[in-house]
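Comments concern the structure below.
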Amino acid sequence: MADNYLELMKQCAAAAGVEPSEFVLPTDGYAELGGLRFHWLDWGNAHLPHVLLLHGGSLTAHTWDMAVLGLRHKYHFVALDQRGHGDTEWTPEQQFELDSSDLMLEDTRAFVDYLGWSGFALVGMSMGGINAIRYAARHSDAVAALGIVDVAPVSMGEGQREMADYREATDVLDNFEDFVDRSKKFMPHRAEAHLRYSLHHSLKPTADDRYTWKRDMRPRPSVVVSEEETARHTAQRWAEVAAIDVPTLLFRGANSKILSVGAASQMIETLRTGRLVTIERATHNVHSDNPVDFARELDGFLTPILSP
């Protein structure tokens, strides 16, 4: 598998325009936190400034691979598989009634404590971006810099519907190539070699030799949420954005259907020290669609903050 992984990585990098000085595979880490077994990727160079990466919903820690390849000589990257995703265990049924965002916030706190880090950079995309916002709002003493990728307390309905339709249509398919075909239609802007690489890390075989996603898709108890509760929840998220007291860079994909221009502007107005960068040739998955420009902007942001 390792040899295949490396070859797929090289093919993906060529398709994405990533030209690292060398191709290096991350090492796998595991730890039990709060009763769950968590998996993460460690890209080495632990003596360098630390950067923790939190992926988006339905993705895995490998979603950051292309963006990390060209920067691992400057930073120590660790990418976490969040609960219910990738190779991390799923939420036990007795916790179904609990707020998943609160659980992930506690997961992040426990993982940072496990690593023993302080003065690190935290970068989160979409679901991981909300987790990063909530952690940074409470732990500005530990976080030196924050990167938020294409997310705000409010999202555009069009993008949410499109992603939900794609997930529903690809719950379980007969073979790997079926996923490739569906993904090419959903993300025509992404090179096939890049899609194959992502799917290689995001899928698993089923008991009947079909394929499904490496994510927790178990139905949760239905909960009716009133408009007042939704408004209170959104207001709380905006209050958390306002509480962040560290330098923050907000990434928006120029073609995003999740983070609107208006919501991005409101984020910058709300953040105490925030700056917006728009990445061209990118949708919601900014760091995957255009890893070269994403990595350049992230490096330019982190260098003056994390350099000794």
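Out of curiosity, is V51 outside any loop (DSSP other than H, G, I, E, B), of a type in the set (A, V, I, L, M), more than 17 Å from S198 (Cβ to Cβ) and under 16 Å from the mean Cα position of the chain (by Cα)?
Numbers: outside any loop (DSSP other than H, G, I, E, B): yes; of a type in the set (A, V, I, L, M): yes; more than 17 Å from S198 (Cβ to Cβ): yes; under 16 Å from the mean Cα position of the chain (by Cα): yes.
It is true that V51 is outside any loop (DSSP other than H, G, I, E, B), of a type in the set (A, V, I, L, M), more than 17 Å from S198 (Cβ to Cβ) and under 16 Å from the mean Cα position of the chain (by Cα).
Under 7 Å between Cβ atoms, at least 6 apart or on separate chains: pull out the pairs that start in the range 271-288 with a residue that is buried (at least 23 other Cβ atoms within 10 Å of the Cβ) and end on any residue that is acidic (D, E) and assigned to a loop (DSSP other than H, G, I, E, B).
What qualifies is H284/D150; V286/D150.
In the range 118-161, which residues are surrounded by 23 or more Cβ atoms within 10 Å (Cβ to Cβ) and assigned to a loop (DSSP other than H, G, I, E, B)?
Scanning the range 118-161 gives S126, D150, V151, A152.
Here's a check for you: in the range 247-284, which residue that is basic (K, R) and assigned to a loop (DSSP other than H, G, I, E, B) is nearest to S140 (Cα to Cα)?
Per the stated criteria, the residue is R272.
Considering only the range 189-211, state which residues are in contact with an Asp or Glu (Cβ under 9 Å, 6 or more places away or on another chain), crowded, with 16+ Cβ neighbours inside 10 Å and not in a helix (DSSP H, G or I).
R190, Y211
Considering the range 139-183 alone, what residues qualify as being without any contact (Cβ under 8 Å) to a residue 60 or more places away in the chain, more than 19 Å from T230 (Cβ to Cβ) and either of a type in the set (D, E, K, R) or in contact with a Ser or Thr (Cβ under 7 Å, 6 or more places away or on another chain) (or both)?
The answer is D141, A142, D165, E168, D171, V172, D174, E177, D178, F179, D181, R182.
Whether any residue in the range 77-94 is touching a residue at least 24 places away in the same chain (Cβ under 8 Å), crowded, with 22+ Cβ neighbours inside 10 Å and over 23 Å from F120 (Cβ atoms) is what I want to check.
The answer is no; no qualifying residue exists.
Which residue, of R218, R232, is more than 20 Å from the chain's Cα centre (by Cα), in a helix (DSSP H, G or I) and either surrounded by 13 or more Cβ atoms within 10 Å (Cβ to Cβ) or of a type outside the set (F, W, Y) (or both)? Step through it out loud before you land on a result.
Values: R218 fails: in a helix (DSSP H, G or I).
Of the residues listed, the single one that is more than 20 Å from the chain's Cα centre (by Cα), in a helix (DSSP H, G or I) and either surrounded by 13 or more Cβ atoms within 10 Å (Cβ to Cβ) or of a type outside the set (F, W, Y) (or both) is R232.
Hey, does the range 23-41 have a residue that's out of contact with any Phe, Trp or Tyr (no Cβ under 6 Å at 6 or more places or on another chain), surrounded by 15 or more Cβ atoms within 10 Å (Cβ to Cβ), within 25 Å of N290 (Cα to Cα) and in contact (Cβ under 8 Å) with a residue 60 or more places away in the chain?
Scanning the range 23-41, I find at least one residue that is out of contact with any Phe, Trp or Tyr (no Cβ under 6 Å at 6 or more places or on another chain), surrounded by 15 or more Cβ atoms within 10 Å (Cβ to Cβ), within 25 Å of N290 (Cα to Cα) and in contact (Cβ under 8 Å) with a residue 60 or more places away in the chain, so the answer is yes.
Taken together, the values in this text are just the output of simple stated rules run on the coordinates, not laboratory data. Given the structure is predicted, the values throughout are model-derived calculations rather than measurements. FYI the Cβ positions are ideal-geometry reconstructions off the backbone, even for glycines, and counts take in every protein chain you see.
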